[in-house]
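Notes follow once the structure below has been shown.
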């Protein structure tokens with residue numbers, strides 16, 4: 001509803017500003033044709049979004065899409081954390097074989113994961 005009001009307010013302001021600039025009847029008619037075309041296209045877009053908002057299947061699909069985006073973002077953040085841990089171990093001089101063994105333990109044993117994430121959380125808290 002706010003968008004519809006903004007559309008009309010914007011149209012009124014534009015008309016008040018531009019109408020005095022039109023000198024001949026032909027210019028005025030062409031200008032009004034263009035304005036009506038643009039106005040109707042924008043109005044159709046608004047009604048289309050209104051109908052989509054009221055459509056339950058659209059809402060279901062939108063919710064699924066938002067959940068997918070949320071999961072994708074969380075996975076990307078987790079991957080960045082794991083890459084950070086690996087990079088930090090390389091900077092500390094831990095050789096490739098020991099890092100590989102760490103990742104095997106990381107996936108096989110829960111206590112290694114818990115310890116690693118506790119260290120990461122402590123480091124995050126220190127940064128804040």
*Look through 89, 121 and report the one residue that is farther than 30 Å from residue 2 by Cβ, surrounded by 10 or more Cβ atoms within 10 Å (Cβ to Cβ) and either in contact (Cβ under 8 Å) with a residue 12 or more places away in the chain or touching a strand residue (DSSP E or B) at 6+ places or on another chain (Cβ under 9 Å) (or both).*
89
*Taking the options 57, 24, name whichever one is exposed (fewer than 10 other Cβ atoms within 10 Å of the Cβ), at pLDDT 85 or above and either outside the structural domain of residue 12 (by TED's automatic domain parsing) or within 22 Å of the chain's Cα centre (by Cα) (or both).*
57
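Conditions tested, residue by residue: (1) in a helix (DSSP H, G or I); (2) free of Cβ contacts under 8 Å to residues at least 40 places away in the same chain; (3) outside the structural domain of residue 123 (by TED's automatic domain parsing); (4) surrounded by 12 or more Cβ atoms within 10 Å (Cβ to Cβ).
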{"position": "12", "(1), (2), (3), (4)": "yes, yes, yes, no"}
{"position": "35", "(1), (2), (3), (4)": "yes, yes, yes, yes"}
{"position": "41", "(1), (2), (3), (4)": "yes, yes, yes, no"}
{"position": "61", "(1), (2), (3), (4)": "yes, yes, yes, yes"}
{"position": "93", "(1), (2), (3), (4)": "no, yes, no, no"}
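Does residue 99 satisfy the criteria of being free of Cβ contacts under 8 Å to residues at least 24 places away in the same chain, over 25 Å from residue 6 (Cβ atoms) and surrounded by 12 or more Cβ atoms within 10 Å (Cβ to Cβ)?
Taking the combined requirement at face value, the residue satisfies it.
Every residue, every condition in (1) assigned by TED's automatic domain parsing to the domain that holds residue 8; (2) closer than 30 Å to residue 8 by Cα; (3) more than 24 Å from the chain's Cα centre (by Cα), yes or no:
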{"residue": "45", "(1), (2), (3)": "yes, yes, no"}
{"residue": "48", "(1), (2), (3)": "yes, yes, no"}
{"residue": "65", "(1), (2), (3)": "no, no, no"}
{"residue": "79", "(1), (2), (3)": "no, no, no"}
{"residue": "85", "(1), (2), (3)": "no, no, yes"}
{"residue": "90", "(1), (2), (3)": "no, no, yes"}
{"residue": "100", "(1), (2), (3)": "no, no, yes"}
{"residue": "106", "(1), (2), (3)": "no, no, yes"}
{"residue": "122", "(1), (2), (3)": "no, no, yes"}
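The values are calculated or read from the model by the stated rules, or taken from the named source; none is laboratory data. Given the structure is predicted, the values throughout are model-derived calculations rather than measurements. Every residue, glycine as well, gets a Cβ built from its backbone with ideal geometry; the counts of neighbours run over all protein chains shown.
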